[in-house]
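One structure is given below, encoded as structure tokens.
The values are calculated or read from the model by the stated rules, or taken from the named source; none is laboratory data. Predicted, not measured: the structure shown is a model, and the values here were computed from it. Positions of Cβ are backbone-derived with ideal geometry, glycine not excepted, and every protein chain shown enters the neighbour counts.
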Amino acid sequence: MNESITTTTNHFTGCAILAAIGAKLQQLDVLSPIRKRVQIRQKTIKHTPLDKLMDAFISLLAGAHGLVEINSRLRADPGLQRAFGRTSCAEQSVVQETLSACAEENVLQLHQALDEIYRAQSQGFHHDYQAAFQLLDVDLTGMPCGPKAAFATRGYFAGLYHRRGRQLGRVLATQHEEVVVDQLFAGNVQLIKALQPLVETAETTLQLDDAKRRRTIIRVDAGAGTEDDLNWLLSRGYEVMAKEYSGRRITRLSQTVKEWVQDPTWSERSFGWVSEEAAGYVRPMRRIAVRCRRRDGTFAYGILMCSLSIEQVLPLLGWEASQAADPTAVLLAYVTFYDQRGGGIETSFKGDKQGLGLTKRNKKRFEAQYMLALLGSLAHNVVVWARRWLNSPKIHRYGILRMVRDVFHVSGLLRFNALHQVVEIELNQDAPLAHSLLYPLQELLAPFQIVVILGET
């Protein structure tokens, strides 16, 4: 009889669901572009450089907020290693040496590999542009680090004054919650400088031609709300939703509002149409002034700018088309559409910081930090895809933190054949999510002949 069928080994793991996702990635060979493209110039003694790169990646999915946790979260869990195709795990210091050995060419190679993975697995790349607009949010988030790190400069880091660090730029396919592009910049770079390289890279990843760009919305905050940036986007065919950059212009345009309308959902906010024509843009723009009352009774002002018609905005919000006849609803629709950035790219940054420890791992070399950032964006997408693969109503609205902390960390027993392939997963029936995830896991892994059962007490 075939030895691979009759001989089995058992390993207990605290991450049985993550092990199942690892088995899925193995069966689909999702990570093969990384093995084919990334060539790190480092001598192999026991583990290849790519093996060590994979150890770092698996540790992110396992919830490690520092590379030192590789030893406790992955090296001490042989079952999880084998589920991802690893027969052993490198020591954390060796993994860090490999990251420090990465060069600029390795960053480019990993970018290309992630593009290939994204095109094969994502919903964002396969978005139906004829049926609906593709919505891309673009923004930066601060990555504080030590002052001696490469490209660590003073810049904007929320709540941290006189701090040095870098900036992570992101393009998010918001409807699908997928990271299209992550790029690392020096700490003093603002969105006004990062917007064009981020969008151009996203065009390459998504293979956006003229027709697709006309069905794509770029949503940005005031950091990219200059006339030059918006005209660059508009001239390339994009629709835009943005906020005015210039403080002086905000003050002047706010004074042209003839009637302020009270926000029906927030008593401290009101808005109104800017009556001055938007003459400086290459395409027609609608402008709305928004004011919010401060604690001292004065107002803070902002100007929203949008190239979309109200008939195009309402379906994006899921609102009835009949609301286009209500002047207050029209104003509220534009303001709400901008407000939804908070549930888009801002939520993605927050989820990655809490669930994947985005800002917890700092490397002195810029290329090493860049490689970690790219592994983090891949981990983000794998978590999003895992939620889709599991297709369970129980976890449908879970963010990155709850997926990593609660879903992936359902414990259980893994059984492997002689070829080190997972053949059975026995979930801990006392785990809170075990029962609700049993059937979705069985459906997910049945094509790979992997049995999923509940353990007996």
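Within region 103-119, is even one residue in a loop (DSSP other than H, G, I, E, B), farther than 27 Å from K193 by Cα and in the same structural domain as S32 (by TED's automatic domain parsing)? Break it down stepwise before answering.
Taking region 103-119 and keeping what is in a loop (DSSP other than H, G, I, E, B), we get 103.
Then keep just the ones that are farther than 27 Å from K193 by Cα; that gives none.
Looking through region 103-119, none of the residues is in a loop (DSSP other than H, G, I, E, B), farther than 27 Å from K193 by Cα and in the same structural domain as S32 (by TED's automatic domain parsing).
Provide a single number: the residues in region 144-188 that are hydrophobic (A, V, I, L, M, F, W, C), touching a residue at least 40 places away in the same chain (Cβ under 8 Å) and surrounded by fewer than 24 Cβ atoms within 10 Å (Cβ to Cβ).
So the count comes out to 6.
Within the bounds of region 297-317, is there any residue that is among the aromatic types (F, W, Y), in the same structural domain as L234 (by TED's automatic domain parsing), under 29 Å from Q130 (Cβ atoms) and free of Cβ contacts under 8 Å to residues at least 24 places away in the same chain?
No; the residues of region 297-317 include none that is among the aromatic types (F, W, Y), in the same structural domain as L234 (by TED's automatic domain parsing), under 29 Å from Q130 (Cβ atoms) and free of Cβ contacts under 8 Å to residues at least 24 places away in the same chain.
In region 379-457, which strands (runs of 3 or more DSSP E) lie fully inside it and hold 3 or more residues that are over 20 Å from H65 (Cα atoms) and either free of Cβ contacts under 8 Å to residues at least 12 places away in the same chain or out of contact with any Ser or Thr (no Cβ under 7 Å at 6 or more places or on another chain) (or both)? If you could, list the steps in order and put the result at the bottom.
Working: elements: 412-417, 422-427, 451-454.
Counting at least 3 such residues, we get 422-427, 451-454.
I need every pair where a residue in region 106-131 that is more than 15 Å from Q207 (Cβ to Cβ) has its Cβ under 6 Å from the Cβ of a residue that is of a type in the set (D, E) and not in a loop (DSSP other than H, G, I, E, B), sequence separation at least 6 or different chains.
Between residues of region 106-131 that are more than 15 Å from Q207 (Cβ to Cβ) and residues that are of a type in the set (D, E) and not in a loop (DSSP other than H, G, I, E, B), the close pairs are V107/E367.
What's the number of the only condition in (1) assigned to a helix (DSSP H, G or I); (2) aliphatic (A, V, I, L, M); (3) under 22 Å from the mean Cα position of the chain (by Cα) that I217 fails to meet?
For I217, the exception is condition (1).
If we keep just the residues of region 189-198 that are in contact with a helix residue (DSSP H, G or I) (Cβ under 7 Å, 6 or more places away or on another chain) and not polar (S, T, N, Q), which is surrounded by the fewest Cβ atoms within 10 Å (Cβ to Cβ)? Explain how you work it out, then say what you get.
Taking region 189-198 and keeping what is in contact with a helix residue (DSSP H, G or I) (Cβ under 7 Å, 6 or more places away or on another chain), we get 190-192, 195-196.
Next cut, not polar (S, T, N, Q) only: 191-192, 195.
Details: L191: 23, I192: 16, L195: 26.
Looking at residues that are in contact with a helix residue (DSSP H, G or I) (Cβ under 7 Å, 6 or more places away or on another chain) and not polar (S, T, N, Q), I get I192.
For region 294-345, give me each residue that is surrounded by 14 or more Cβ atoms within 10 Å (Cβ to Cβ), more than 19 Å from E277 (Cα to Cα) and more than 28 Å from the chain's Cα centre (by Cα).
F299, Q323, A324, A329
Which condition from (1) charged (D, E, K, R); (2) buried (at least 19 other Cβ atoms within 10 Å of the Cβ); (3) assigned to a loop (DSSP other than H, G, I, E, B) is the one that D51 breaks?
(3)
Whether any residue in region 441-456 is surrounded by fewer than 17 Cβ atoms within 10 Å (Cβ to Cβ) and on the phi > 0 side of the Ramachandran plot is what I want to check.
Step one: list which residues in region 441-456 are surrounded by fewer than 17 Cβ atoms within 10 Å (Cβ to Cβ), which gives 442-443, 446-449, 451, 453-456.
From what's left, on the phi > 0 side of the Ramachandran plot: 449.
Scanning region 441-456, I find at least one residue that is surrounded by fewer than 17 Cβ atoms within 10 Å (Cβ to Cβ) and on the phi > 0 side of the Ramachandran plot, so the answer is yes.
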